[in-house]
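Okay, structure first, notes after.
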Amino acid sequence: MLKEMFKKNDLTSAGRKQVQLGGKIKESLDEAQIPDGLFEKCDKCNEIVYSEDVVSNYYICPNCGMYFRISPRTRLSMILDKESFQEWDKELPVSDPLNFPGYKQKLEHLKVVTNLDEAVITGEGKINDTPVAIGVMASNFLMGSMGEVVGEKLTRMVEKATKRKLPVIIFCCSGGARMQEGIISLMQMAKTAQALKKHDEAGLLYVSVLTDPTTGGVMASFAMLGDVILAEPGALIGFAGPRVIEQTIGQRLPEGFQKAEFLLEHGFVDKIVKRNKLKQTLSMLVKSC
Amino acid sequence: MIENKYKIKKVLIANRGEIAVRIIRACREMGISTVAICSEADKDALHAQLADETVCIGPAPAKDSYLKMDRIISATCATGADAIHPGFGFLSENSKFADLCRKCNITFIGPSSEVIAKMGNKAEARKTMMDAGVPVVPGTKEPVYTAEDGKKLADNMGYPVMIKASAGGGGKGMRIVEREEAFNKHFETASQEAKNAFGDDTMYIEKYIPRARHIEFQILADNYGNVIHLGERDCSIQRRHQKMIEEAPSFAISEVLRKEMGEVAVRAAKAARYTNAGTIEFILDQDDNYYFIEMNTRIQVEHGVTELVTGIDLIKEQLKVASGEPLSISQEAVKIRGHAIECRINAENPLNNFLPSPGLITSLHFPGGNGVRIDSALYNGYKIPAAYDSLIVKLMVHDANRELAIQKMRGVLGELVIEGIDTNIDFQYQIINHDDYKKGDIDTGFIERLINKKEVPENIS
């Protein structure tokens, strides 16, 4: 064994020590340091992954394949042809029907932090040269919850699409109806549904894409009304949360309950599409009508 | 205490085994502090014991330790190292890692990330060389994606051809196609192998040159555009595209050809905007035509034979270049003296299809003497872990000419004792004593023929 046998101190100025990984705080700019955001941690496998790898892999963990949640603008850049997106209905007036304490301030703060004006972006664009009307919900804006502005933006988008005979694609992502706006939020379920009905009666195509998570009032309204319902792998899709269900029915839930794959098996979802194949799948669907 | 006058003060060696030991030794000679990284299986390894500091970065499998970029970078920052030497293999030709080092203000001892990426893409490298007027193996200029396209080009070129993976290395994704009928099948298997091994099934096709010699030129370039070559190495003794014996200079090359190929090698390196140490690989056919195959953007296993014939310490030169020093050696000052041979000693059993043979070393004796150099991380009582490649000793000799070098190598192979595991020492002995090897009549098919004919060493005298 050679442990601790070598004399080192007389050759270099460094002493011998075992080092724990943890990182020192660096003062000088000359020194080696890891800039913020270079690496991130995957919540599923707990591995440290290189952010650039995540981005170039469609925001999927290169280690375990978990789908990271993505912002609406990132999603639009993945789906639509370059520079084809035109946003609609930006900056609709804030709705606070219950004068909910702290709500307005929360919204103002979120607008700054997320650079979004609400939990959905709507507009028109092209997928492989076919014009579509599109809405993408934002999980980072109050968990994609649907209040009056979200409902209004989606409804206006669908109505415009009906008028201009465009297919509609909605990327659903939501924790459900927005509590702070009370019954007005619930009403959006009916509002969006009836707009989609008129769109449907005009013989137009509506594809909904369920992403992680799609729950509550959104799932119980427009999300499940697609002529074709697609889902991303591993997405949580359900109405009530699993704990509430378990407590209500007094039974343990089956393995994989409320995951996209479970819903596919039980006929609630038409197809699970990998993120890198979404554009070509949507392209095929909109071109076929 | 040795005074360190270079910009780099502390190097983390992102490797293991004998190359890590080599780099640590060079650093100590320059007064540069060293940090070793080790997996849990390597805590008792020589490199981990020899360095000034050691950081354990994960469990035994390379993908969980020596390939874990974030942990290596973390260890570098935590220990205050300002540079990383990647050695060879592992992350040494990983352009993403080189880029990561740059982003974290760590000096990567090697060329830039862009150069690594460009030369690492074999099809791109060929194109760069063609544009620079460097002769390349006749073959496709653009990458090939389908068997159909490939076959058209191959039919045009004339058989036999070699199908190669653009992202390839170590013999994977490579198939020789002798006849037209076999092309499609070989293309499919080669591209599938490439996809599995490298995640990239872009292929290219080259004319296959039978009975060729593998000649590579050592390049050294600083960050200021100065590029020199340090002569060639003949690495024709290969088994399944893995080198077994290397020597410098090459028996097959005249002074005139050496000068010409050397100039072309420098031109190639300049075309690639190369910095630090690297190797330009050529293939030499029976008519003395030479063709560029690829560029290795790292220090190589066999760099020692070049050091022996030139007297230049390549690892130290790498550290100096990375420190921002201009080259202190001019091309004229590079002199090749005598002949050097390296035999790679692997922990494997040649009688059992070269199956790796890890385990405990029960008895170890290294030879020595004038012109004998041993690069190894072995020591008495060391347990060779199973998780890594099987190279355990680089046995090198240097003497006045090739004949004397071969004689010396015979003596050295005879004196080397490694007990407790299987090694290829006897196999190397057979090759060194083979008439064709002594005559210098060798090409890249030498070992396969030896194995196929089951040549018994009746000619050991």
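Some observations on this one:
Residue-by-condition table, conditions (1) touching a Phe, Trp or Tyr at 6+ places or on another chain (Cβ under 7 Å); (2) surrounded by fewer than 23 Cβ atoms within 10 Å (Cβ to Cβ):
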position: B:Ile72; (1), (2): no, no
position: B:Ala81; (1), (2): no, no
position: B:Phe88; (1), (2): no, yes
position: B:Lys96; (1), (2): no, yes
position: B:Lys103; (1), (2): no, yes
position: B:Glu114; (1), (2): no, yes
position: B:Asn121; (1), (2): no, yes
position: B:Pro135; (1), (2): yes, yes
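- Every residue from segment B:1-26 that is more than 27 Å from B:Lys383 (Cα to Cα) and either polar (S, T, N, Q) or in a loop (DSSP other than H, G, I, E, B) (or both): B:Met1, B:Ile2, B:Glu3, B:Asn4, B:Lys5, B:Tyr6, B:Lys7, B:Ile8, B:Lys9
- Any pair with Cβ under 9 angstrom, 6 or more apart, that starts in segment A:242-265 at a residue that is over 17 Å from A:Gly216 (Cβ atoms) and ends at one that is of a type in the set (Lys, Arg) and at pLDDT 95 or above: A:Leu264/A:Lys271
- Matching residues, segment A:202-241, being in a loop (DSSP other than H, G, I, E, B) and not aliphatic (A, V, I, L, M): A:Gly203, A:Ser221, A:Gly226, A:Asp227, A:Glu232, A:Pro233, A:Gly234, A:Phe239, A:Gly241
- Only residues that are surrounded by fewer than 23 Cβ atoms within 10 Å (Cβ to Cβ) and in contact with a Ser or Thr (Cβ under 7 Å, 6 or more places away or on another chain) were counted in segment B:3-23, giving 6.
- Within segment A:91-132, the set of residues being among the polar types (S, T, N, Q), farther than 16 Å from A:Ser185 by Cα and not in a strand (DSSP E or B) comprises A:Gln105, A:Thr114, A:Asn115, A:Asn128.
- Residue in segment A:195-207 that is assigned by TED's automatic domain parsing to the domain that holds A:Thr162, in contact with a Ser or Thr (Cβ under 8 Å, 6 or more places away or on another chain), aliphatic (A, V, I, L, M) and within 18 Å of A:Leu285 (Cα to Cα) present: yes
- Residue list for segment A:31-72, restricted to those being surrounded by 15 or more Cβ atoms within 10 Å (Cβ to Cβ) and of a type in the set (Lys, Arg): A:Arg69
- If you filter segment B:45-57 down to residues that are part of a helix (DSSP H, G or I), at the interface with another protein chain (Cβ under 7 Å from one of its Cβ atoms) and not polar (S, T, N, Q), you find that the one that is nearest to the chain's Cα centre (by Cα) is B:Leu46.
- Note on segment B:27-44: residues that are under 23 Å from B:Asn380 (Cβ atoms) and either at the interface with chain A (Cβ under 8 Å from one of its Cβ atoms) or within 22 Å of the chain's Cα centre (by Cα) (or both) amount to 4.
- Of the residues B:Glu294, B:Glu307, B:Glu260, the single one that is modelled with pLDDT of 95 or more, of a type in the set (Asp, Glu) and either within 17 Å of B:Lys118 (Cβ to Cβ) or surrounded by fewer than 20 Cβ atoms within 10 Å (Cβ to Cβ) (or both) is B:Glu260.
- Residue match in segment B:351-362 (condition: part of a helix (DSSP H, G or I) and surrounded by fewer than 24 Cβ atoms within 10 Å (Cβ to Cβ)): yes
- Number of positions in segment B:87-98 that are within 12 Å of another protein chain (Cβ to nearest Cβ) and of a type in the set (Phe, Trp, Tyr): 1
Let's see how each residue does on (1) in contact with a His (Cβ under 8 Å, 6 or more places away or on another chain); (2) surrounded by 18 or more Cβ atoms within 10 Å (Cβ to Cβ); (3) at pLDDT 95 or above:
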site: B:Asn370; (1), (2), (3): no, no, yes
site: B:Asp399; (1), (2), (3): yes, yes, yes
site: B:Glu403; (1), (2), (3): no, no, yes
site: B:Val412; (1), (2), (3): no, yes, yes
site: B:Asp443; (1), (2), (3): no, yes, no
site: B:Leu450; (1), (2), (3): yes, yes, no
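- Taken over segment B:249-283, residues that are of a type outside the set (Gly, Ala, Ser) and either touching a Leu at 6+ places or on another chain (Cβ under 7 Å) or not in a helix (DSSP H, G or I) (or both) amount to 12.
- Screening B:Ile84 on (1) in contact (Cβ under 8 Å) with a residue 12 or more places away in the chain; (2) in a helix (DSSP H, G or I); (3) facing another protein chain (nearest Cβ under 10 Å) shows it passes everything except condition (2).
- Residue in segment B:58-74 that is closer than 21 Å to B:Glu317 by Cα, assigned to a loop (DSSP other than H, G, I, E, B) and more than 8 Å from chain A (Cβ to nearest Cβ) present: no
- Within segment B:109-138, considering residues that are closer than 30 Å to B:Ser74 by Cβ and either free of Cβ contacts under 8 Å to residues at least 40 places away in the same chain or in a helix (DSSP H, G or I) (or both), the one farthest from the other protein chains (Cβ to nearest Cβ): B:Met119
The values are calculated or read from the model by the stated rules, or taken from the named source; none is laboratory data. Please read all numbers here as calculations on a predicted model, not as lab measurements. Note: ideal-geometry Cβ built from the backbone for every residue, glycine included; neighbour counts use all protein chains shown.
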